[in-house]
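Quick notes on the structure that follows.
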Amino acid sequence: EPIQSRQEPEKESVVALARPPEPVEPEKDTRAERASQREFAAVEELKAIRFDFDKAVIRTDAADTLVGYAAWLRDHEDSAVLIEGHCDERGTSEYNVALGDRRAKAVRDYLSLYGVAPERMSIVSYGKERPVCAAATDACRDENRRAEFRLKSR
């Protein structure tokens, strides 16, 4: 009878087999979210407002503009508003998405102070992914640091 050699499994494979599977994040259904965002349209009355570099604070020039936007939105109660936060190209994508989110929230909170119902407002951040200007100039970067508004009928 031949002698069979029994090889021990390599330690790496034992560790790999003994390790529990990595948790899988549930996949978010962004298709419905994107479809919902597509229902919103830009309106001439609500132009973008600008932010200073690396800031999510409402500038003085934007404050007066937002007070006017709040009055306009109160007069158009049948509309829901989507506030989009945007950044310039400096910084990581992750950082800029978070900064764009803070900018959109700052605008939402400001409009809420002037009587726009919070349930009418949604926010989204595109970070640096949707620039309106591609030149690497200060003027162009200023244009990209913004919050934009889109409306849809409710």
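Shape index of region 106-154: Rg/Rh, with Rg the Cα radius of gyration and Rh the Kirkwood radius from the inverse mean 1/r over Cα pairs, equals 1.07.
If I take every Cα pair under 8 Å that is 6 or more residues apart in region 31-153, average their sequence separation and divide by the length, what percent do I get for the relative contact order?
Details: 225 pairs, mean separation 47.9, N = 123.
The normalised contact order for region 31-153 reaches 39 percent.
Working out 0.36 nm times the residue gap between F53 and L113, then minus their Cα-Cα distance, what length gain in nm do you get to one decimal?
In short, 19.2 nm is gained.
On the beta carbon distance between A41 and A136, with R0 = 30 Å, the FRET formula returns roughly 0.45.
The share of Cα pairs per 5 Å bin across region 71-129, counted from zero up to the longest distance, runs 5, 22, 25, 18, 14, 10, 6, 1 percent.
Would you mind getting me the FRET efficiency between E89 and S153? Use the beta-carbon distance for r and R0 = 25 Å, nearest 0.05. Write out the running numbers ahead of the final one.
Working: r = 34 Å, r/R0 = 1.38.
FRET efficiency, E89 to S153: 0.15.
All alpha carbon pair distances within region 31-153 were sorted into 5 Å bins beginning at 0; the resulting P(r) in whole percents reads 2, 12, 22, 25, 19, 13, 5, 1, 0. Taking the fewest neighbouring Cβ atoms within 10 Å as the starting point, the ordered list for I83, I58 is I58, I83. A simple rule links phi to the HN-Hα coupling: the Karplus curve 6.51 cos²θ - 1.76 cosθ + 1.60 with θ = phi - 60°, which for region 96-108 gives 5, 5, 5, 5, x, 5, 5, 5, 4, 5, 4, 5, 4 Hz, with x for Gly and Pro.
Readers should treat all values here as calculations from the given coordinates under stated rules, not as data from a laboratory. Keep in mind that what you see is a predicted model, and the values were worked out from it rather than measured. All Cβ positions, glycine included, derive from the backbone under ideal geometry; neighbour counts span all protein chains shown.
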